[in-house]
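See structure below.
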Amino acid sequence: MTSIQQQVHTWLEEGRVDIFLAYRMVEGHPLPHAFTRERIDETDTLVTGPARYSLEKFATHIASRYPDAKIGMVARDCNQRALNVLQVWNQLKPGQVDTVPVNCCPSLLKPHADCSYLEPKPAGHVKLERGQDPNQSLAQADTLPRAERFDRWMYEFSKCIKCYGCRNICPVCFCKDCSLEHPDLIGTGHLPPDIPIFHLVRAVHMAGRCIDCGLCEDACPAEIPLRLLYRKVNAIVKDLFGYETGSGDTLPPFSILGDKPTMSPQPLLAVSQE
Amino acid sequence: MDLKFVPSICSYCGTGCGVLFEVLDGELVGTLPMKTHPVNHGKLCIKGWNLHEHVNSPLRLKHPLVKTFGRFTKVDWDKAIGVATDRLKAVIAAHGPDSVGILVSAKMTNEENYLAQKFARAVIGTNNVDHCARL
Ligand code: SF4
Ligand code: SF4
Ligand code: SF4
Ligand code: SF4
């Protein structure tokens, strides 16, 4: 037994958690798996990767049906950031999820976990000519003239097949009535969907919420560099409000629930002037 | 509290994307793309993402139905196959085997498609075989 298998076995046995989310190999595929006390012997098949699913999203599904369930999960850094956001937004109770941290850091000493950030896929020549390279930095993305930048984003958005995969897979998209499906906000019945509004509505919602896990970009059949887009949005939130998404336990500045705004804006000087 | 993840293949088109069903207490609550599947590499189209909805749909056909006097009635398989055989025989006797066509599907197995065309050619006696991708 590996030390993580041993630890999960003990947690389940002692009742520290009722259910533990991790992975196991099924027909050669690393798939998420829920380990329980009733089937405790399965813990010796537990693995920590290499594929990455939003285990925290499954945790919210358990919690909405069993509000008092004690849930455990293996957590990479991105899982942990998502858990922080989900707690801030009351999708999970504080302390409801206990994590076993797993390391995705690349090293010659171990095979690193699969992540588009650690192992970026090089952009093809059409994307480089007409679209946005998902691997560029925000600073690089800002160097092109405004009109060209817009054209390049519109080229990317025009490929959208409106599968809603970006929203469905996102650990921090949990709204019961999603704006992206509201016929008054986004026109229905044609492809691509209304662009750029479809993508910008989602981008605005990700401000102060997106934890930069990249799952949306991995799931996008049209290879739209969504992660880059939401990074930009969050950079603005950080510059303007000093808010670091996913790191703390305070609500983002745009929370409209409650009596007063949750944060005061910083001077506007921080916005890049053009 | 019972959460299971069940790997499967999307049944909506011939691409055959790998999906993972999220099953909570025996109820199919969600569909996810299988990240390591060689066909779709963690991506799905809108149909695949919503597979659980058609499984749970109240409109789903779960039993053979026979239409008599304009109304569908629930019957068992033997009865349904019996009715189909009688009607096919009657149509063939009156209008010949080429008055029958067999439609197969991109989402059936190769073997099922083979059987269906064999049935059309050897049993019914027609070459009228087509499939869903041309509908
Ligand atoms: S990177 Fe994409 S999937 Fe991940 S939190 Fe941000 S929007 Fe959601
Ligand atoms: S896209 Fe916006 S409205 Fe839709 S689920 Fe995500 S945050 Fe909610
Ligand atoms: S995942 Fe990509 S193609 Fe699908 S809706 Fe989102 S942006 Fe469009
Ligand atoms: S997810 Fe879409 S493309 Fe893939 S098999 Fe299903 S219907 Fe076909």
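Name the residues in region A:206-250 that are away from ligand 3 (no atom under 15 Å from the Cβ), assigned to a loop (DSSP other than H, G, I, E, B) and farther than 17 Å from A:Cys173 by Cβ, would you?
A:Gly242, A:Tyr243, A:Glu244, A:Ser247, A:Gly248, A:Asp249, A:Thr250
I need the full set of residues from region A:146-160 which are touching a Pro at 6+ places or on another chain (Cβ under 6 Å) and within 16 Å of ligand 4 (Cβ to nearest atom), in order please. Steps first, answer last, please.
The first filter runs over region A:146-160 and keeps only residues touching a Pro at 6+ places or on another chain (Cβ under 6 Å), leaving A:157-158, A:160.
Matches in region A:146-160: A:Cys160 only.
Give region B:42-87 a look and list any residue that's within 16 Å of ligand 1 (Cβ to nearest atom) and over 22 Å from the mean Cα position of the chain (by Cα), or say none.
Here is the first cut: in region B:42-87, the residues within 16 Å of ligand 1 (Cβ to nearest atom) are B:42-44, B:49.
Result: B:Gly42, B:Lys43.
Just one of B:Leu24, B:Leu88, B:Leu44 is away from ligand 4 (no atom under 16 Å from the Cβ), in contact (Cβ under 8 Å) with a residue 12 or more places away in the chain and either farther than 30 Å from B:Asn128 by Cβ or touching a strand residue (DSSP E or B) at 6+ places or on another chain (Cβ under 6 Å) (or both); which is it? First the steps, then the outcome.
On the way: B:Leu88 fails: either farther than 30 Å from B:Asn128 by Cβ or touching a strand residue (DSSP E or B) at 6+ places or on another chain (Cβ under 6 Å) (or both); B:Leu44 fails: away from ligand 4 (no atom under 16 Å from the Cβ).
So the residue among B:Leu24, B:Leu88, B:Leu44 that is away from ligand 4 (no atom under 16 Å from the Cβ), in contact (Cβ under 8 Å) with a residue 12 or more places away in the chain and either farther than 30 Å from B:Asn128 by Cβ or touching a strand residue (DSSP E or B) at 6+ places or on another chain (Cβ under 6 Å) (or both) is B:Leu24.
Quick one: in region A:30-68, which of the residues that are part of a strand (DSSP E or B) and over 20 Å from B:Gly18 (Cβ atoms) is nearest to the other protein chains (Cβ to nearest Cβ)? Write out each step before concluding.
First, the residues of region A:30-68 that are part of a strand (DSSP E or B): A:30-36, A:47.
Now narrow it down to the ones that are over 20 Å from B:Gly18 (Cβ atoms): A:35-36.
Details: A:Phe35: 10, A:Thr36: 7 Å.
The extreme case among them is A:Thr36.
Only one of A:Gln91, A:Gln140 is modelled with pLDDT under 95 and either aliphatic (A, V, I, L, M) or more than 22 Å from A:Ala235 (Cα to Cα) (or both); which?
One residue alone meets the criteria, A:Gln91.
Any residue in region A:216-236 that's aromatic (Phe, Trp, Tyr): show its pairings with residues that are modelled with pLDDT under 95 and not in a helix (DSSP H, G or I) at Cβ separation under 6 Å, as long as the two are six or more apart or on different chains.
The qualifying pairs are A:Tyr230/A:Met206; A:Tyr230/A:Cys210.
On the given criteria, is B:Trp49 modelled with pLDDT of 95 or more and closer than 28 Å to A:Glu27 by Cα? Talk me through it step by step, then tell me what you get.
Values: modelled with pLDDT of 95 or more: yes; closer than 28 Å to A:Glu27 by Cα: yes.
Yes: the conditions hold for B:Trp49.
Only residues in region A:191-211 that are within 11 Å of A:Lys162 (Cα to Cα) and within 14 Å of another protein chain (Cβ to nearest Cβ) count as the first member; pair them with residues that are more than 16 Å from ligand 4 (Cβ to nearest atom) and small (Gly, Ala, Ser), Cβ under 8 angstrom, at least 6 apart or cross-chain, and list the lot.
From region A:191-211, the pairs are A:Pro192/A:Ser158; A:Pro193/A:Gly187.
What single numbered condition from (1) within 14 Å of chain B (Cβ to nearest Cβ); (2) without any contact (Cβ under 8 Å) to a residue 12 or more places away in the chain; (3) basic (Lys, Arg) fails to hold for A:Lys176?
If we test A:Lys176 against (1) within 14 Å of chain B (Cβ to nearest Cβ); (2) without any contact (Cβ under 8 Å) to a residue 12 or more places away in the chain; (3) basic (Lys, Arg), just (1) comes out false.
Can you tell me which residue within region B:93-135, out of those that are under 20 Å from B:Tyr12 (Cα atoms) and among the small types (Gly, Ala, Ser), is nearest to the chain's Cα centre (by Cα)?
So the residue we want is B:Ser105.
Please work out which residue is nearest to B:Gly101 (Cα to Cα), limiting yourself to region B:54-84 and to residues that are small (Gly, Ala, Ser) and surrounded by 12 or more Cβ atoms within 10 Å (Cβ to Cβ). Spell out how you get there, then give the answer.
Filtering region B:54-84 for residues small (Gly, Ala, Ser) gives B:57, B:70, B:80, B:82, B:84.
Going one step further and asking which of them are surrounded by 12 or more Cβ atoms within 10 Å (Cβ to Cβ), we end up with B:80, B:82, B:84.
Working: B:Ala80: 18, B:Gly82: 18, B:Ala84: 13 Å.
Looking at residues that are small (Gly, Ala, Ser) and surrounded by 12 or more Cβ atoms within 10 Å (Cβ to Cβ), I get B:Ala84.
Could you tell me whether B:His52 is in contact with a Ser or Thr (Cβ under 6 Å, 6 or more places away or on another chain), within 20 Å of A:Leu55 (Cα to Cα) and not charged (D, E, K, R)? Quick ask: steps written out before the conclusion?
On the way: in contact with a Ser or Thr (Cβ under 6 Å, 6 or more places away or on another chain): yes; within 20 Å of A:Leu55 (Cα to Cα): yes; not charged (D, E, K, R): yes.
In short, yes.
Those residues that are surrounded by 12 or more Cβ atoms within 10 Å (Cβ to Cβ) and part of a helix (DSSP H, G or I), I need them from region B:88-111; list them, please. So that I can check it myself, show each step before the final result.
Of region B:88-111, the ones surrounded by 12 or more Cβ atoms within 10 Å (Cβ to Cβ) are B:88, B:91-92, B:97-108.
Within region B:88-111, B:Leu88, B:Val91, B:Ile92, B:Pro97, B:Asp98, B:Ser99 qualify.
Within the group A:Val172, A:Val126, which residue is farther than 27 Å from A:Val237 by Cα and among the β-branched types (Val, Ile, Thr)?
Details: A:Val172 fails: farther than 27 Å from A:Val237 by Cα.
Just a single option satisfies the conditions, and that option is A:Val126.
What is the one condition in (1) within 14 Å of chain B (Cβ to nearest Cβ); (2) under 22 Å from A:Cys216 (Cβ atoms) that A:Gln91 does not satisfy?
Evaluating A:Gln91 over (1) within 14 Å of chain B (Cβ to nearest Cβ); (2) under 22 Å from A:Cys216 (Cβ atoms) leaves (1) as the failure.
Looking only at region A:17-29, count every residue that is β-branched (Val, Ile, Thr) and within 7 Å of chain B (Cβ to nearest Cβ) and tell me the total. Quick ask: steps written out before the conclusion?
Applying the first criterion (β-branched (Val, Ile, Thr)) to region A:17-29 yields A:17, A:19, A:26.
Restricting the remaining residues to those that are within 7 Å of chain B (Cβ to nearest Cβ) gives A:19, A:26.
The qualifying residues number 2.
The values are calculated or read from the model by the stated rules, or taken from the named source; none is laboratory data. In this text, all values refer to a predicted model and were calculated from it rather than measured experimentally. Cβ atoms come from the backbone with ideal geometry, glycine included; neighbour counts cover every protein chain shown.
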